[in-house]
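Where a number appears in this text, it was derived from the coordinates with a stated rule and is not lab data. All of these numbers come straight from a predicted model, not from anything done at the bench. In this analysis, Cβ positions are derived from the backbone assuming ideal geometry, glycine residues included, and neighbour counts consider all displayed protein chains.
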């Protein structure tokens, strides 16, 4: 926020004298449209607001609620833009400056767009479209989750931290990269997920398992005043061949699969419990209650029912490695 409750808008502007060069311009205003007009006067090339690919918000702003600035981000009805939304730990302006100074060529902002896309595919940050949310259109009963970005000013690096969790339009918590992977399993929203499996070969030992297929089914069962949230997850996975050979020296495949199913179910249960505690409902339990069990809502509101819901998670894992 700037002075007098204005917002600080920052843009990557094209340098008219140096082809493919970009620089950062910033200004305070209550409307993005006004900021674009004011800052365009300072540059020799107009700001192409209609081409924005990413909108970055500070954690501080997100905790106060993003939808309150809905109108501040409009350009005009005829010039709508598509964008990925993300939250930055710290200052989005500092994040942009570090990214702009990075030695990755003129496509540095395409780099961010690609990083977010790859992160969604790998399960370390959400793809917001899969959760049917952006700042202009919300789905009743589904809370938004957004990519959480961070930076290191000393090392001049930027990174995907994990997932920002919302209750309505307010930031209420966050997940690290590992927790985000299990959230992706709960929603089957990633193409390929690497999971760190502990104690499979020996105590405190780590081995990486690659999930290549993930499907889930969620059902809600009313039980008196409470509800049961049942999620069944079906996985196909594989290991590096050298790891797999070592594993089979100690265990058979059925034993390995049952061990992993129990471990993954526990991790998914912990993630869903954390979501309940902060009131973030990205899986749409509230939406399911409205659609399939409206009678439950005559006894309690969907948020209360969600927080009190009993969790039941079942995991079926098939390892596609074959014994040699």
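Restricting to segment 143-175, count the residues that are in a strand (DSSP E or B), closer than 21 Å to residue 284 by Cα and in contact with a strand residue (DSSP E or B) (Cβ under 7 Å, 6 or more places away or on another chain). Spell out how you get there, then give the answer.
Of the residues in segment 143-175, the ones in a strand (DSSP E or B) are 145-152, 157-167, 170-175.
Imposing the further condition that a residue be closer than 21 Å to residue 284 by Cα reduces the set to 145-148, 162-167, 170-175.
After this cut, where a residue has to be in contact with a strand residue (DSSP E or B) (Cβ under 7 Å, 6 or more places away or on another chain) as well, the list is 145-148, 162-166, 171-175.
Final tally of qualifying residues: 14.
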Residue selected from segment 273-315 under the condition in a loop (DSSP other than H, G, I, E, B) and more than 21 Å from the chain's Cα centre (by Cα), by the criterion surrounded by the most Cβ atoms within 10 Å (Cβ to Cβ): 309
Selection within segment 236-264 - assigned to a loop (DSSP other than H, G, I, E, B), exposed (fewer than 14 other Cβ atoms within 10 Å of the Cβ) and more than 33 Å from the chain's Cα centre (by Cα): 252
